[in-house]
Amino acid sequence: MIAELTQPSAELTGRLRRTVSEPERLTGLKMSVMGGSNPVALYSLPSVASFLKIGTYEEAIRPNNQETIGYIDLGALETWVREVLGDEELADAIKAEVALGEPYGKVAPRVRELLQLRSLQVAPSAEAADAGNEE
């Protein structure tokens with residue numbers, strides 16, 4: 001079961017919405033059967049949430065497999081969330097998932113769900129976007 005995350009403060013929301021600088025970025029690996037592993041620079045919480053992807057076994061063994069895995073070291077992710085984004089609650093939730101000691105393929109989808117949940121919590125609302133367009 002995925003941890004519940006409280007609604008972040010306005011200050012934290014601002015930090016989580018930003019695009020980080022080059023030195024603050026997180027690096028993931030885009031892995032594929034044919035292409036090997038290629039580093040990908042990630043600069044925001046939503047980009048990290050959408051990048052982290054583990055396929056199924058069935059996808060992996062399919063002939064002419066073109067699927068990719070978006071791999072992020074979960075320890076590095078926890079540190080990035082805590083130190084760069086300043087989200088202690090999300091970092092603690094990621095740490096708790098990793099501490100279960102399960103294989104990466106089981107933990108990563110739950111961590112992705114946490115990242116997506118937090119991304120949705122801080123996404124600008126449709127009403128706010130409409131108000132900004134009216135100016």
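Here are some notes:
- Pairwise FRET efficiency - SER32 versus THR79, Cβ, R0 = 30 Å, nearest 0.05: 0.70
- Residue separation of VAL40 and GLU22 scaled by 0.36 nm, minus their Cα-Cα distance, works out to 5.3 nm of gained length.
Any read-out appearing in this document is the output of simple, stated calculations on the displayed coordinates, not a laboratory observation. Since this is a predicted model, take the numbers as computed values, not measurements. Here the Cβ is made from the backbone with ideal geometry for all residues, glycine too, and neighbour counts use every protein chain on show.
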